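Undergrad: Right, I'll just put the structure down here and ask away after.
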Amino acid sequence: MAADVVSAAGMQATVYDRMPSLGRKLLMAGRGGLNLTHSEPLETFMQRYRKRAGSLRGAIEAYPPDAARAWCEALGQPTFVGSSGRVFPKAMKTSPLLRAWLRQLAARGVEVRTRHTWRGWDEAGRLQFDTPQGSTSIEAQAVVLALGGGSWPGLGSDAAWIDILRTAAIPVEPVVPANCGFIVQWSAHFRDRFAGQPLKRIGLAYEGQTVRGEAIVTEQGLEGGAIYALSAELREAIARDGSATLHLDLRPDLDAATLARQLDTPRAKTSLSTFLRKLRFPPVAIGLLQEWAHAEGRPLGQVPATALAERSKALPIVLTGTAPIGRAISTAGGVEFAALDADYMLTSRPGTFLAGEMLDWEAPTGGYLLQACLSTGAAAGRGALAFLAATTLDGMTPDSTTNTP
């Protein structure tokens, strides 16, 4: 996006990528349908960025969701708003959008150099890259670093830049999982039987926050959209206290009193599992209730209807850790906004701009992640243009043979 902004203004830009092709994480993001942004009002939208809403506000207001939709449509990919308010390309795929974007950039003269891994700066301040042909140094008038977070490192962003920036005295918060799964100490019986099973139409509650959606039981614990929505608070609680107790509502469509009456119905010779399945408890939900009853030291069949209804509406699940960062949807942490000026330029390195997930922010899924990446990329591109204009006015005319990575 930074190269898009720079090239649209008629400046030469070169994109360097450590992978053999561009946009690999963008392609992964669109594997189930590219959630480009969200249609909710901007003030509500900004709240999704929690404590970094103020830091991101300028970039997102300058390049808001409507701008992202217009950009997508200008590339020949019409968009639509889904029932949840999320915005998608009508094609529901990333590849047509990415191909059209790369064609547009190429038509503007943007060069692409793949298999270039950034290794920092040399003593003269030039960019250093490892390439299949060996090390090389690049001198540029302005640089945008958009090196990603630490999730899905096989797609290109492995957070190796953290040590480089810290060595250069640039403040970086530790990179941690966001929109991630969590570890639960399942019994061997439950894990072997239910790992991979979905929990559909459930509710989750933590510290006064409630969400509805779906989750998946994994061998290690839980993951899925409903879990991701609470992941920031859960991760912070685990870091602070060593664990966090999430409450699972297995029947969010019923209140506890109604459910208790149903559970108190005489079941004659019907087994408890069959009885619960008739009341629309799937096997995995029954398994979770049995896990709880076993931990309480009594068979599930001996739990009174009222208590069973209460636990079905608020089943405690103790989370003891986050799933590995490599499997997270995104990451939190990164370069502190205090190290940047309003144009996303590093104050300690004039001419170097930052964008995307390598900055210290996080957001839930729903279009907020990609929107902030596009918005900060555009902001960094505008910042680079302003810097180049200022250096030209100061008599430092950029050399037309140099690159703007």
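The values are calculated or read from the model by the stated rules, or taken from the named source; none is laboratory data. Treat the numbers as computed from the prediction; the structure is a model and nothing was measured. Quick reminder, even Gly has a Cβ in these numbers, built from the backbone with ideal geometry, and neighbours come from all protein chains shown.
Undergrad: If a residue has to be surrounded by fewer than 18 Cβ atoms within 10 Å (Cβ to Cβ), over 16 Å from Pro316 (Cβ atoms) and among the aliphatic types (A, V, I, L, M) to count, how many in the stretch 273-299 make the cut?
TA: 1
Undergrad: On to the next question. Any residue in the stretch 128-156 that's without any contact (Cβ under 8 Å) to a residue 40 or more places away in the chain: show its pairings with residues that are of a type in the set (Asp, Glu) at Cβ separation under 9 Å, as long as the two are six or more apart or on different chains.
TA: If the second residue must be of a type in the set (Asp, Glu), the pairs left are Gln128/Asp122; Thr136/Asp130; Ser137/Asp122.
Undergrad: Please pick out the residue among Leu204, Leu234, Leu199 that is in the same structural domain as Ala314 (by TED's automatic domain parsing), in a helix (DSSP H, G or I), aliphatic (A, V, I, L, M) and under 23 Å from the mean Cα position of the chain (by Cα).
TA: On the way: Leu204 fails: in a helix (DSSP H, G or I); Leu199 fails: in a helix (DSSP H, G or I).
Checking each option against the conditions leaves just Leu234.
Undergrad: With (1) within 23 Å of the chain's Cα centre (by Cα); (2) without any contact (Cβ under 8 Å) to a residue 24 or more places away in the chain as the list, and Pro171 as the residue in question, which single condition is left unmet?
TA: The single condition Pro171 does not satisfy is (2).
Undergrad: Please pick out the residue among Leu272, Leu288, Leu300, Leu279 that is among the hydrophobic types (A, V, I, L, M, F, W, C), touching a residue at least 40 places away in the same chain (Cβ under 8 Å) and in the same structural domain as Gly208 (by TED's automatic domain parsing).
TA: Within the list Leu272, Leu288, Leu300, Leu279, the selection yields Leu288.
Undergrad: Additional query: Can you pull out the residues in the stretch 7-40 that are aliphatic (A, V, I, L, M), under 25 Å from Arg119 (Cα atoms) and touching a strand residue (DSSP E or B) at 6+ places or on another chain (Cβ under 8 Å)?
TA: Ala13, Val15, Leu22
Undergrad: If a residue must be surrounded by fewer than 19 Cβ atoms within 10 Å (Cβ to Cβ) and either of a type outside the set (Val, Ile, Thr) or in contact with a Gly (Cβ under 8 Å, 6 or more places away or on another chain) (or both), how many such residues does the stretch 227-271 contain? Talk me through it step by step, then tell me what you get.
TA: Taking the stretch 227-271 and keeping what is surrounded by fewer than 19 Cβ atoms within 10 Å (Cβ to Cβ), we get 233, 236-243, 245, 247, 252-258, 261-262, 264-271.
Those still in the list that are either of a type outside the set (Val, Ile, Thr) or in contact with a Gly (Cβ under 8 Å, 6 or more places away or on another chain) (or both) too: 233, 236-243, 247, 252-257, 261-262, 264, 266-269, 271.
So the answer is 24.
Undergrad: With assigned by TED's automatic domain parsing to the domain that holds Ser135, touching a residue at least 60 places away in the same chain (Cβ under 8 Å) and either surrounded by fewer than 18 Cβ atoms within 10 Å (Cβ to Cβ) or over 16 Å from the mean Cα position of the chain (by Cα) (or both) as the only criterion, which of Arg18, Arg69, Arg48, Arg57 stands out?
TA: Step by step, each of Arg18, Arg69, Arg48, Arg57 is checked, and only Arg18 is assigned by TED's automatic domain parsing to the domain that holds Ser135, touching a residue at least 60 places away in the same chain (Cβ under 8 Å) and either surrounded by fewer than 18 Cβ atoms within 10 Å (Cβ to Cβ) or over 16 Å from the mean Cα position of the chain (by Cα) (or both).
Undergrad: For the stretch 30-55, what are the residues that are within 23 Å of Leu354 (Cβ to Cβ) and in contact with a Ser or Thr (Cβ under 7 Å, 6 or more places away or on another chain)?
TA: Leu36
Undergrad: Consider the stretch 114-133. How many of its residues are in contact with a His (Cβ under 7 Å, 6 or more places away or on another chain) and among the polar types (S, T, N, Q)?
TA: To start, the set of residues in the stretch 114-133 that are in contact with a His (Cβ under 7 Å, 6 or more places away or on another chain) comprises 129, 131.
Of the ones still in play, those that are also among the polar types (S, T, N, Q) are 131.
Counting residues in the stretch 114-133 that are in contact with a His (Cβ under 7 Å, 6 or more places away or on another chain) and among the polar types (S, T, N, Q) gives 1.
Undergrad: Another question about this same structure. Looking at (1) in a loop (DSSP other than H, G, I, E, B); (2) more than 19 Å from the chain's Cα centre (by Cα), find the lone condition where Gly32 falls short.
TA: Failed condition: (2).
Undergrad: Quick test for you: out of Ser312, Ser330, pick the one residue that is touching a Lys or Arg at 6+ places or on another chain (Cβ under 8 Å), under 30 Å from Arg212 (Cα atoms) and crowded, with 24+ Cβ neighbours inside 10 Å.
TA: Values: Ser330 fails: touching a Lys or Arg at 6+ places or on another chain (Cβ under 8 Å).
Going through Ser312, Ser330 in turn, just one is touching a Lys or Arg at 6+ places or on another chain (Cβ under 8 Å), under 30 Å from Arg212 (Cα atoms) and crowded, with 24+ Cβ neighbours inside 10 Å: Ser312.
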